[in-house]
1. Return yes when E330 is modelled with pLDDT of 90 or more and more than 27 Å from N213 (Cβ to Cβ) and no when it is not.
2. So, of the residues in the stretch 62-90 that are buried (at least 16 other Cβ atoms within 10 Å of the Cβ) and farther than 29 Å from V149 by Cβ, which turns out to be modelled with the lowest pLDDT?
3. Which members of the stretch 282-292 meet the condition of being farther than 16 Å from P101 by Cα and of a type in the set (V, I, T)?
4. I'm trying to understand the selection: among the residues of the stretch 256-268, which are part of a helix (DSSP H, G or I) and surrounded by 17 or more Cβ atoms within 10 Å (Cβ to Cβ)?
5. Give me the pairs, please: first residue somewhere in the stretch 290-310 and free of Cβ contacts under 8 Å to residues at least 40 places away in the same chain and outside the structural domain of A103 (by TED's automatic domain parsing), second residue anywhere and of a type in the set (D, E, K, R) and surrounded by fewer than 17 Cβ atoms within 10 Å (Cβ to Cβ), beta-carbon distance under 6 Å, and either six or more positions apart or on two chains.
6. Which is part of a strand (DSSP E or B) and modelled with pLDDT of 75 or more, of I118, I105, I122, I99?
7. With the requirement that a residue be surrounded by fewer than 20 Cβ atoms within 10 Å (Cβ to Cβ) and closer than 18 Å to T98 by Cα, what does the stretch 293-328 give you?
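The values are calculated or read from the model by the stated rules, or taken from the named source; none is laboratory data. Model, not experiment: these values are computed from the prediction. Heads up, the Cβs are rebuilt from the backbone with ideal geometry, glycines too, and the neighbour counts pull from every protein chain shown.
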Amino acid sequence: MAQKRNLTDLIRQNASGFSSSPITQTVAPTTAFNEELNQKIQDLEREVLELRQQASTDQEKEFLEQQIQDLTKQLAAVGGEHIVKIDLIDPDPNQPRTIFPRALIEERTESLKRNGQISPIILIPQENGRYRLFDGAVRRLSGPKSGLVTLRAVLLPHHESLDAATRFEQQFVTGKDTEKLHDLDVANGLVRIICSRHPHLEEKQIDFPKILNNVVYQIRKSGKLKELTKMVNKPIEQQRGWLDSLGLESSEGRDILEILLDRQFNPASISANVFPLLSITDDLKAVVQETGLSSGKIMAVSKITAETLNTDETDAKQVRSQVAYRIAEEELTEKETNDLIRKTIQEYNPAAKQPDQIAEKSVKTVKQIQNIKLDEFKTDQLRSIRESLQERIREIDQLLEGK
């Protein structure tokens, strides 16, 4: 961080390139920026993204926020503030953060009602007369709820200084490190990065959890799971050399592992705790979007299905959503969450077996399997049994990894 140029100094060096103007009521994008100024603004934007990537300690994050504030003030001083209609502002399509809990929006809404908009948002004018958000997502979402139809903004020129894939990856790092992305955003973001780096895998993205689970299982079976964990923070060259040494059967699995390690994620943790969120139902995804309910609790709620309730999917969806919203609103603990889910299932389906009954039956089943005389089976039967058992073992390993 110390080696980075101070963003405020960089802005002041380039300030002469701006044409100052007072606050304007117009909502039409400005065209006053020339090519030279475009390049200067691109440098500023890159500087912000680089600074964001470097922020890891609380002190560095505080410094980053101050730099963004300085950028906003300098742009306002040399280019003026603009009053922009909120319905003309589009979210940044390359912003990996899509989950903004209702409590956060409500808090900012109340602040806007009481104090008004303290600082302007940063927008990039588009050729179609609309604006793309650069900074200020929470204010954009909270504004209408507080009764505002416009927001004060400063403008960056429209440009494509970074390709979409690069911009997304850089902002993904920012969100991961400084905004604490929800696990569902992390899962979707990783899928997008994997597909952008390896387009041939795009049609297989639904299988990413299974592919990753299989390679993690292979690594665990080879006794190198601890080595995998240590690789997370090693140099990229060392990570790739280690992956080559594994001799993985699946090239797809290796590609996914390489990206996860490159982004400094523990593949075993992603497999156990993050990628499973990709399979939750749309109604639960909507709950996460609105409440930010933790991944552990939302996965617990996903146990409420038409099968466990002994009802149809329409009723199951309604019950599932009600339980999820209650967990979020009442801020239930993990234990309280599991108790509520167990009670709900039992109310709708009294015949449903409780965990202790299931465990007792499972122990008996395991003993029966241990007593089976395998030499009585044919070769193809043994292979089928082995395949089924291996799949169950992988599932058990995945569950244990998340404990």
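1. Considered against the rule, which asks whether it is modelled with pLDDT of 90 or more and more than 27 Å from N213 (Cβ to Cβ), E330 comes out as yes.
2. Looking at the filtered set, the residue picked out is L64.
3. Result: no residue meets the conditions.
4. I256, L257, E258, I259, L260, L261, P267, A268 - these are the residues of the stretch 256-268 that are part of a helix (DSSP H, G or I) and surrounded by 17 or more Cβ atoms within 10 Å (Cβ to Cβ).
5. As it stands, the answer is A306/D312; A306/E313, since those pairs meet every condition given.
6. Checking each option against the conditions leaves just I122.
7. Matches in the stretch 293-328: S294, S295.
Conditions tested, residue by residue: (1) among the acidic types (D, E); (2) out of contact with any strand residue (DSSP E or B) (no Cβ under 6 Å at 6 or more places or on another chain); (3) at pLDDT 70 or above; (4) over 27 Å from K210 (Cα atoms).
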site: I304; (1), (2), (3), (4): no, yes, yes, no
site: A316; (1), (2), (3), (4): no, yes, yes, no
site: T337; (1), (2), (3), (4): no, yes, yes, yes
site: K353; (1), (2), (3), (4): no, yes, no, yes
site: Q357; (1), (2), (3), (4): no, yes, no, yes
site: E387; (1), (2), (3), (4): yes, yes, yes, no
site: Q390; (1), (2), (3), (4): no, yes, yes, no
site: L400; (1), (2), (3), (4): no, yes, no, no
